[in-house]
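First the structure, in the form of structure tokens, and then the observations on it.
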2 protein chains.
Amino acid sequence: MKLVIVGGVAGGASAAARARRLSEAAEIVLLERGPDVSFANCGLPYHVGEVIPQRDKLLVTTAVRLRERFRLDVRTRSEVEAIDRHAKTVRVRDLDTGRVYEEGYDKLILAPGAAPVRPPIPGADLPTVFTLRTLGDADRIKALVDGGVRRAVIVGAGFIGLELAENFVRRGVATTILDRNRQVLSAFDAEMTTAILAALRERGVEVLLGQTAEAIAPGPEGVTVTLTSGDSRTAQLVVLGVGVRPENPLAVRAGLEVGPRGGVRVNEFLQTTDPDIFAVGDAVETAEFGTGERTQVPLAGPANRQGRIAADNAFGRASKYRGTQATAILGFFGHTAAATGQSEKSLKRAGRPYRKVYVHAAHHAGYYPGAEGLSLKVTFDPATGKLLGAQAVGGAGVDKRIDVLAVAIQAGMTVFDLEEMELCNAPQFGSAKDTVNMAGFVAGGLLRGDHPQTDWEAVAGLADKPLLLDVRTPPEFAAGHIPGAVNIPVDELRGRLAELPKGRPVVAYCQVGQRGYLATRILMQHGFDVSNLGGGYKTYQLHTTARPEGTTG
Amino acid sequence: MKLVIVGGVAGGASAAARARRLSEAAEIVLLERGPDVSFANCGLPYHVGEVIPQRDKLLVTTAVRLRERFRLDVRTRSEVEAIDRHAKTVRVRDLDTGRVYEEGYDKLILAPGAAPVRPPIPGADLPTVFTLRTLGDADRIKALVDGGVRRAVIVGAGFIGLELAENFVRRGVATTILDRNRQVLSAFDAEMTTAILAALRERGVEVLLGQTAEAIAPGPEGVTVTLTSGDSRTAQLVVLGVGVRPENPLAVRAGLEVGPRGGVRVNEFLQTTDPDIFAVGDAVETAEFGTGERTQVPLAGPANRQGRIAADNAFGRASKYRGTQATAILGFFGHTAAATGQSEKSLKRAGRPYRKVYVHAAHHAGYYPGAEGLSLKVTFDPATGKLLGAQAVGGAGVDKRIDVLAVAIQAGMTVFDLEEMELCNAPQFGSAKDTVNMAGFVAGGLLRGDHPQTDWEAVAGLADKPLLLDVRTPPEFAAGHIPGAVNIPVDELRGRLAELPKGRPVVAYCQVGQRGYLATRILMQHGFDVSNLGGGYKTYQLHTTARPEGTTG
């Protein structure tokens, strides 16, 4: 048995190590185009920021180690140029010597990754315009920062763009970040990104939404980036973080099927349309967990798991990949945003029915010092309560709630299961009713009909406005409320029912939804047509803050 | 409909609030013996330690608030002395006025909680000997500490004992803690407690295991506590934290069935043997999630959930309690220990077949600064891989892993599901292969037969010792190894197979199990009778450190 693996980072390196554990006898050739195998891609921005000062910490393993420990035939700087599926050979070019040779295989695993997209704009190829994918890229960006770059422009406010922005701030580089979307972190629903947007601005990052770089030109102080608005910014360093594209040319030339966005098509065994060729990692199109729809999710965790599974299948063990949930997380100076499963945006795009709830709470018992705010959004099927997705933003404890919900989604659980979860509870760690339980209570109440809920977008879209009933205290009301709302504190509500119209729908709200829920229960039982505003005033604020802002910095 | 609830803390208060949400029309009477409703029990030790200096922060809600917001008829200092099930009345004593009266009910919910056990030893009733259950208890203990107590003895190294020890240390009180078990935190398996034990000692707490207080006598410097060993300690303050006992006299007198450990028997609807009487919280015997066996778990989370469910059922909504997983967590100066599901001890006691794996890892990517060590133990069914329990100890990230596993147990997941979990991964939060995934890989490999594992206890118990093969580097070996082991580093193993005997079983090990796994794979494929030592040298150390220690401080 001879296994050839193309690409030696996350998926490829995992496949190779797994293959050796499965077979001491197999011949395993690992071909990597770059100089490094298995480096910590996710650490690159933090090396630039000197959070991880030692470069060699990013080398998860080395070619030497892989040879010694796993007896792999590792060849770096070796580019695979073609696959001859009939002869079962690959054509390899040694990038150092220029030598080209054929290498035979019994099974082939493709793990070439994805390449950062370089938009076709004038100046995108200037020497101070970078993408960030490899250690070499990080070295070059860091060298410029070390050399005293004072201004940078980052195009794209996705994960890499924001991580880099954090590290540029750390290094004292004045940073402008652009995104053609009208929000940062487009994988998230807009309202869940407002805290990150605010944190960026607090740290002095200029954030320009709804626009991108139209051209980059050399100038006296580095380069000048022309924006969609016609405005411009000068910088000594530009980083393009506008997404990645599967490295599919090898697969395409070999006649393997690829999807509409370029990902190599694989079945649940990660087999391409050629049964002897597997593909894994950022280069493939996989199934979205839950819906089974085709998706491309370039993340290290799935890549590692896929590598392992492809190796199993290459050695004749039927092993299935369950699909990708797109669990992802971002840290920005102590602020955290994380998501798993489907966003509301993606549900809307797919035309899939859903409901959603928001919980705004503290990450542990409020009476214990250090509690940090946390906002959680959960989407679910309105017929069955089955969980579809979750997003959270805050500080500490965001990762925990999203991990809990990622597992719940994996298990096919419903919002009713969230009500029953028995999670760690001590004042420093959680609450007797955890944020996740609370999301279950709110959603469960909604589905049982105990707790009719109206989402802000629905209120905003109505021609005949319902009566907005603010049930918070007068000082809370005075500090800010939804225009047009009337104020009756929940504790006075039972005595002031006569002030409310019976014929007109009432939408009650409080700060986060809890008092609004009680008000809804009271009014329902007194015959009012009432619902609670989902997630209360705080959610209303998230939605209105997240509105398109043009180019304001 | 008239609902009477006995007990106004976690379960009772939850039941009352839920009941009001279900019915505006119902008459709801909440009878609480103490002066406070719904206080934060879990916060009491931290109030003593002045981590939570403001006492009123511990009042989750007040009688006034419950009256205003939920229109509850809240009566504090009101003790229920008897239930007349035939007449459907309770006899109530007003503890302030002494007045005794009857209160009728349609449905009754008992939430009396559990009382701390006061062992029947001489001096247990001395004025400076306390238990810690109520705000009043905390006030009295805190007053003594504020008054300059210099030495304290805590009897019982369970959750409350250890939390109090932390806070005594904070206040500069020299503390001795005793436990009749030969370990701290007896809810945990002994080897998982060694880090907490070490942390206690590092902070200067004297920990005396395998002994308890046999007598307490007044003396010139406070009291003298006589230990099982015959030795003694003087102190100005003694706290008894040796467990709780369900407050069942009311139920027993009413002829309701109680279990062998005193918990009020309830069905899945939390109904006692009288269908109009429900019981919740620390006073009840519930089903252990998974096994369905009867158990008593006094925790706030389950009490809250039960209160809600009992109220549902009282109002005719069939709502089932799924059982208790006993998810629990302890913090001690940045060290964390958490558990969910069944301990190995309880599996052994029940004679239930199980296997176990250990993972020792960092709580996030090792290359990012601040990674803290974490040890995770997972038990599972050897036939199906179904998860049975998990325990973890370390610092940050322990709560997250146990919450993830609590959900996985709730969902009935297997170790194979752990392999596929897609959890948050960024350098500050996790790893592409999370600790939970790793536990799945180890356990899955074990069950698939790829990765035979021998537990240390099995090796230790064998008459014919296997060859212990240490596959770490010579410096690691020199720094400490299992007596009798031979050292062949894994990277040299393939070239030194001739040094190993084919007839004799080999148990390979490394530091945490990963290199031992590779060594096992290599040797298996070369025909050796080999297994990997579960959790490596680190787990061996946990086991040997956790051995009985008698009275050493």
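Read-outs throughout are calculated quantities, based only on the coordinates presented, and are distinct from any laboratory measurement. Values in this document were obtained by computation on a predicted structure and should not be read as measured data. Please note: Cβ atoms are built from the backbone with ideal geometry, for glycine as well, and neighbour counts cover all protein chains shown.
Extension gain for A:Ala479-A:Ala463 works out to 3.1 nm (0.36 nm per residue, less the C-alpha to C-alpha distance).
Computed from phi, the 3J(HN,Hα) profile of the stretch A:289-305 under the Karplus parametrisation 6.51, -1.76, 1.60 (θ = phi - 60°) reads 4, x, 8, x, 5, 6, 8, 10, 10, x, 9, 5, x, x, 4, 4, 5 Hz, with x in place of Gly and Pro. Projecting label points 7 angstrom from Cα along Cα→Cβ for B:Asp137 and B:Asp529 puts them 5.5 nm apart.
The peptide list A:98-108, A:265-275, put in order of mean Cβ contacts within 10 Å with the highest first, becomes A:265-275, A:98-108.
Each copy carries a label point for B:Glu221 at 7 Å from Cα along the beta-carbon vector; from one copy to the others these points are 7.2 nm apart, nearest first. Shown here are the Rg and Dmax of the Cα trace of the stretch B:213-350, at 19.4, 61 Å. The spacing between the stretch B:329-380 and the stretch A:41-87, judged by their C-alpha centroids, is 32 Å.
Computed over neighbours whose Cβ is under 15 Å from that of B:Lys57, the net charge equals -1, Lys and Arg +1, Asp and Glu -1. Whole-Hz Karplus values for the stretch B:442-458 come out as 5, 5, x, x, 4, 6, 7, x, 6, 9, x, 10, 10, 7, 4, 4, 5 Hz, taken residue by residue from phi with 6.51 cos²θ - 1.76 cosθ + 1.60 and θ = phi - 60°; glycine and proline positions read x. Sorted from nearest, the other copies put their B:Arg494 label points 7.8 nm away, the label point being 7 Å from Cα in the direction of Cβ. Peptide B:428-438 shows a mean partner chain C-beta count of 5 within 10 Å per residue C-beta.
Look at the stretch A:412-422: the mean tally of other chain Cβ atoms within 10 Å of its residues' Cβ atoms is 5. The label-point distance for B:Leu497 and B:Ala25, in a model that sets each label 7 Å from Cα toward Cβ, rounds to 8.2 nm.
Once backbone amide H atoms are built at 1.01 Å from N, A:Asn487 has A:Asp470 as its partners under 5 Å, excluding neighbours fewer than 5 places away on the same chain.
Would you please classify the overall shape of the stretch A:3-142 from the alpha carbon gyration tensor, given that a ≥ b ≥ c denote the square roots of the eigenvalues, rounded means a/c under 1.5, and beyond that prolate means a/b larger than b/c while oblate covers the rest? Oblate shape, in that a/c is at least 1.5 and b/c is the bigger or equal ratio.
Between the amide H of B:Leu227 and those of B:Glu214, B:Ser232, B:Arg233, distances stay under 5 Å, these residues lying 5 or more places away or on another chain, with hydrogens modeled in the peptide plane.
Determine the shape class of the stretch B:432-481: with a ≥ b ≥ c the square roots of the Cα gyration tensor eigenvalues, call it rounded for a/c under 1.5, and otherwise prolate if a/b is greater than b/c, oblate otherwise. Oblate, since a/c reaches 1.5 and b/c is not below a/b.
Modelled spin-label separation between A:Glu293 and A:Ala217, with each label point placed 7 Å from Cα along the Cα-to-Cβ direction: 4.2 nm. Distance between the C-alpha centres of the stretch B:443-510 and the stretch B:200-246: 44 Å, rounded to the whole angstrom. Dipole magnitude for the stretch A:129-242: computed about the Cα centre from +1 point charges on Lys and Arg Cβ and -1 point charges on Asp and Glu Cβ, it is near 220 debye. When you restrict to C-alpha pairs under 8 Å that are six or more residues apart and normalise by the size of chain A, the relative contact order lands at 12 percent. Under the shape rule built on the C-alpha gyration tensor, where the axes satisfy a ≥ b ≥ c, the stretch B:453-540 is rounded, since a/c falls short of 1.5. Couplings 3J(HN,Hα) of the stretch B:253-261, computed from phi: 4, 7, x, 7, 6, 10, x, x, 9 Hz, in residue order, whole Hz [Karplus 6.51 cos²θ - 1.76 cosθ + 1.60, θ = phi - 60°; x for Gly and Pro]. Residues whose amide H falls under 5 Å from that of A:Val284, counting only those 5 or more places apart or on a different chain, are A:Val264, with hydrogens built in the peptide plane. Per-residue ellipticity at 222 nm, computed for chain A from helices alone with -39500 (n - 2.57) per DSSP H run of at least four residues, works out to -8000 deg cm²/dmol. Over 19 Å apart at the Cα level, from the set B:Lys348/B:Lys465; A:Lys400/B:Lys433; A:Lys57/B:Lys377; A:Lys538/B:Lys57; B:Lys2/B:Lys88, are B:Lys348/B:Lys465; A:Lys57/B:Lys377; A:Lys538/B:Lys57. Contact order for the stretch B:334-448, expressed relative to its length and based on alpha carbon pairs under 8 Å spaced 6+ residues apart, stands at 30 percent. Among residues other than A:Gly243 with Cβ under 13 Å from its Cβ, the summed charge is +3 (Lys and Arg +1, Asp and Glu -1). Distances between every pair of Cα atoms in chain A, grouped in 10 Å steps from 0 to the bin holding the largest one, split as 4, 16, 23, 24, 18, 10, 4, 1, 0 percent. Taking every residue in B:391-403 and counting other chain Cβ atoms within 10 Å of its Cβ, the average works out to 4. In the frame of its principal axes, the protein assembly as shown has Cα extents of 101, 83, 50 Å, reported largest first.
Within the P(r) computed for the stretch B:334-448, what percentage of the Cα pairs occupies the region above 22 Å? Tail of P(r) above 22 Å: 26 percent of Cα pairs. For B:Asp125, go 7 angstrom from Cα along the Cα-to-Cβ vector, then report the distances to that same point in the other copies in nm, smallest first. In nanometres, ordered from closest: 9.4.
P(r) tail, the stretch A:396-467: Cα-Cα pairs separated by more than 19 Å, 48% of all pairs. All C-alpha to C-alpha distances of the stretch B:129-242, sorted into 5 Å bins beginning at zero, yield P(r) values of 2, 12, 24, 25, 20, 11, 4, 1 percent in whole numbers.
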